[in-house]
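Everything below concerns the one structure shown next.
Bear in mind these aren't lab numbers, they're just calculated from the coordinates by the rules spelled out. Bear in mind that the values here come from a model prediction, so they are computed numbers and not experimental data. Positions of Cβ are generated from backbone atoms using ideal geometry, with glycine treated the same way; all protein chains shown enter the neighbour counts.
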């Protein structure tokens, strides 16, 4: 069980960023100012136990402008986007959209994170299809292994998947792969 | 029912038996599917969590390709389905963003396309009656639990009826003759792609789902998502293990199709012994 991080506002290294709240309001498109801390999101969250700040605290940290603390959190990486919180929030706050806005900010600026494995996963996954159009699972898994250096984890699973005809050695290249490359070039590759 | 079809990357690779059983079984129960041409990866969780426009543009290209078919788009993977539905929701409510995405993709994106998940196909009375009448090998007295995962959430965007207690898989299992009691694990999260980065987290989630299934007196759960299936198939630690099987494989078996042998061979937990021991 993950223990929640205790923080004290105004303490060392916890300066508030005065623009952060407005920026995240614009990027997420959801009015998290409506949160009255009922904690329904956290009670229903299947992953709160693995987070360093449960969903209600994520909302509070953004309201307070504590950008560094929230952007480096495990929570924004651990969230699986199941959207149970969004379903149950009495005030209609789209917490999953807020979490997406936070992780996009952290990814774009390559900010320090307390959950680095998830970001390595995303980089590897994107690398697994950007040149082909469809995911080449073999390439994706190899890239992930090189990034995490977990070289031996799931090796047997991988071999069995290969023998069962699930992993192909060569990628499937779609005809429109240049369109997909262009999408990457004009979005994630553009500053 | 005539549908355009987006398999998604998993159904050609790690969830090959799902793709094979969808293609083989749906035409037998009155659902004609036509695969869209030259489709791309939807971006999955790695799209919408790394760059907003990337996360919207990849699914937008798929929607543009599907528009040419003039039919609702069937998406069997919950990951792809949610990405597509969410993209559609965002683009429908933000004309400026839609224009920007159309410019990046270089195609007209139909914000009004009907996008359906497989569980919605089983809300159709005709499909259900065809399963019932075609079931040569019904699961009499066998308890199979419907496991939906997060497909219905959030309801305002996914648009599937009874979001916290959905019924499509229940209806299909019922028509195939199985016992499918209510159980509390129905819409629990499997951990999705954390299976690649935080195995420990996924193990705990699936062990809990398996515990709930055992407590409900079942040894089999029916799935309708490559991630739910893979996580239950590969990440259970506690014994005895619950056997996860795709809903289309189950229907195929009930219809008397022998292709189930090929499909089951691709699983990590082999369902064949359990199914072949069932009274005919």
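Modelled spin-label separation between residue B:112 and residue B:35, with each label point placed 7 Å from Cα along the Cα-to-Cβ direction: 3.0 nm.
Contact order for the stretch B:54-119, expressed relative to its length and based on alpha carbon pairs under 8 Å spaced 6+ residues apart, stands at 53 percent. Taking other C-beta atoms within 10 Å as the exposure proxy, A:132, B:6 rank A:132, B:6 from fewest upward.
For chain A, modelled as a GNM whose springs connect Cα atoms under 10 angstrom apart, the maximal fluctuation among A:166, A:74, A:120 occurs at A:166. Relative to its Kirkwood radius, the Cα radius of gyration of the protein assembly as shown gives an Rg/Rh of 0.95. A Förster radius of 35 Å, combined with the Cβ-Cβ distance separating residue A:7 from residue A:108, puts the computed FRET efficiency at roughly 0.90.
The mean number of Cβ atoms from other chains found within 10 Å of a Cβ in peptide B:36-45 is 6, as a whole number.
The label-point distance for residue B:100 and residue A:142, in a model that sets each label 7 Å from Cα toward Cβ, rounds to 3.6 nm. Separation of the stretch B:198-257 and the stretch B:151-174, taken as the distance between their Cα centroids, equals 18 angstrom. Once the Cα-Cα distance is subtracted from the 0.36 nm per residue extended length, the residue B:237 to residue B:28 segment shows a gain of 71.6 nm.
Working note: 222 nm ellipticity from helices only, DSSP H runs with n ≥ 4, each -39,500 (n - 2.57), summed and divided by the residues of chain A, gives -14000 deg cm²/dmol to the nearest 500. Length available on full extension from residue B:136 to residue B:156: 0.36 nm per residue minus the Cα-Cα distance, which gives 3.3 nm. Among A:28, B:46, a tally of other beta-carbon atoms within 10 Å of each Cβ gives an order, fewest to most, of A:28, B:46. Relative contact order of the stretch B:1-78: 43 percent, from C-alpha pairs under 8 Å at least 6 residues apart in sequence.
Using the Cβ-Cβ distance between residue A:189 and residue A:91 with R0 set to 45 Å, the FRET efficiency from 1/(1 + (r/R0)^6) comes to roughly 0.75. Given the protein assembly as shown, what percent of its DSSP beta bridges are antiparallel, to the nearest 5? Just about 5 percent of them are antiparallel.
Computed over chain B with a Gaussian network model linking Cα atoms closer than 10 Å, the most mobile of B:80, B:41, B:228 is B:41.
For the pair residue A:164 and residue A:15, a Förster radius of 35 Å applied to the C-beta separation gives a FRET efficiency near 0.10, rounded to the nearest 0.05. Counts of other chain beta carbons within 10 angstrom of each beta carbon in peptide A:111-123 average 3.
Alpha carbon centre of the stretch A:40-67 versus the stretch B:15-71: separation in Å? A separation of 32 Å, based on Cα centres. Residues B:278, B:116, ranked from the fewest to the most other C-beta atoms within 10 Å, line up as B:278, B:116. Distance between the pseudo-spin-label points of residue A:150 and residue B:208 (7 Å out from Cα toward the beta carbon): 1.9 nm.
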